[in-house]
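Values quoted throughout were computed directly from the atomic coordinates according to the rules given, and no laboratory measurement underlies them. This is a predicted model, so every value here is computed, not measured. Cβ atoms come from the backbone with ideal geometry, glycine included; neighbour counts cover every protein chain shown.
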Amino acid sequence: MPKAPGDEARFRALVEHLPAIVYLREPSGDRARPSRITYVSPQVEHVLGVEPREWTDDPTAWWGRLHADDRPLVRSELARAARTGEPTLIEYRMRGPGGVDLWFRDEAEPVEGPAGARAWQGIMLDISAQKEAEAAFLEAESRYRALIEQSPMISYLDAVNDAGTIYISHQATEALGYEPKEFYADPGLWTRIVHPDDLELLDDRPLDAEYRIVAKDGHIVWVHDLARLIVDEAGTPRYWQGVLIDLTARREAEVLREDLEQERAEADRLRHEDEMKTTFLQAVSHDLRTPLAAILGLAVTLDRHQANLGEEEIHDLTQRIATNARRLDRLVADFLDLERLQRGAAVPESRTLDVGRLVRGWVAATDLVEDRRLSLSVAPVTIRGDPAMIERIVENLIGNAVKHTPRDTQIWVRVEAADDGVLLTVQDDGPGVPPDERERIFQPFRQGSRAGAGSGVGLALVARFAALHGGRVWVSERSGGGASFKVTLAAEPPEHDHRATSAGSSSADESQA
């Protein structure tokens, strides 16, 4: 049934307004000549700058526009279609206006031509923009891949469904010894090579953690793992994209630095011990030799002149010998106590005691303050503690006040209840302790600038004994001038190892006798 003139007009209008080039190609009947285009829609002029009659009148015009590099592919595809009668789908370039190459997707279907001959009806779509986009994408992908492949970091992409690693850069082989294909083939490989002690760090997401990996050859590699979630346009989680930064060199440097610091600390400790030994020898040479010399001189005098001395003179000499002997005993006890504290062998033997009563009894029995004005204010305060150590605290605080203040200095001793324990205070109206020395004087063999000769042990023992009783010692300026030493002792001392005996018990017992 023939088409009505109106139908053909509508069909032609539709074809000629399509955003593509429509054509009809018929075989030339001569294999040596290209097929002939018998119709091409007017869009060819708008797209390629070619009038339709150029292609319909000259069978070679279409081939002339075809990019030389694409002609073998096109010729092969057309020959195949002519032989098999199948449709064609080809992408090729043609020279456009100004000599610019344009990309086309050419699709043609076989139709029956005049006299039953086979023809092809086709449509050419300009896909230049798509090709440019693809080229730009491939270039961007190439740059991104180059960036990833040349970066010193290991880049990876993990599926969120625990399907394992779907991409990992080649740096993994250099750093860990495993090739990317080994990760792809074994989803559980990653968790097996992470150090067992660090596996729990991988539970946090997003990931930002430093952990260890056991490389293929067994050595440890430290990495900083940074991973972020990648979602699709619908917001559905798809991948974990991350990087692994090799921290092994930094970690090794840190270990080396720590070792150096430890060595430096050990060297400082040995130097400090050497300084302490030197100071100790200096203290011994003065503090021990002074009472020894006095004892020796008084004893020689007593031995040589006893017959010519009266009873009162003999009593005075023996008293002076006893005073120096007790002084010597206190010095030896201080040194021995400090040595036991240094090696952790001095442990309190706690029992219930009244600190006020203990202090009052010790002050009444001591000769340290015989020629001093001393004010005693003690309240009954019961705690658990080592009586010998607490006596040594009192003895060294009062001895320190006597030693470093003029004879006319007033000394105050006070015992009072404090929060969960007792507060012991020894004050004087002497020259006081400069602020910059108030911490140093509690260190072994360290004295204040105004101290003069001495061992520098007594206040260090006070600090150590107070700490063993859950307390502390400090010094401040007394209101009205002078020094104010304060010691706190807990009502119940902390637990200690009782394998050692209490420090200074023998000397304390002798002082009470």
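A Förster radius of 22 Å, combined with the Cβ-Cβ distance separating Thr173 from Leu226, puts the computed FRET efficiency at roughly 0.60.
Subtracting the Cα-Cα distance of Leu309 and Asp186 from 0.36 nm times their residue separation leaves 33.8 nm of extension gain. On full extension, the segment bounded by Val214 and Asp329 gains 35.1 nm, given 0.36 nm per residue less the C-alpha separation. Label separation (Thr290 vs Arg440): 2.0 nm, computed from points 7 Å beyond Cα along the C-beta direction. For region 151-246, report the % of Cα-Cα distances exceeding 24 Å. Summing the P(r) of region 151-246 above 24 Å gives 14 percent of all pairs.
Near the amide H of Asp354, within less than 5 Å, lie no amide hydrogens of residues on another chain or at least 5 residues away, with H placed in the peptide plane. Karplus-based coupling profile of region 58-71, in residue order and whole Hz: 10, x, 8, 5, 5, 5, x, 7, 6, 4, 4, 6, 9, 5, with θ = phi - 60° in 6.51 cos²θ - 1.76 cosθ + 1.60 and x standing for Gly or Pro. Going by the alpha-carbon gyration tensor, a ≥ b ≥ c the square roots of its eigenvalues, is region 58-143 rounded (a/c under 1.5) or, if a/c is not under 1.5, prolate (a/b greater than b/c) versus oblate? Note, shape of region 58-143 comes out prolate. The slack in the chain from Asp203 to Asp371, taken as 0.36 nm per residue of separation less the alpha-carbon distance, amounts to 53.0 nm.
The alpha-carbon of Lys216 sits under 14 angstrom from the alpha-carbons of these aspartates and glutamates, leaving out residues fewer than 8 places away in its chain: Glu174, Glu179, Glu182. Summarising the label geometry, the points placed 7 Å from Cα in the beta-carbon direction at Glu45 and Thr382 lie 12.2 nm from one another.
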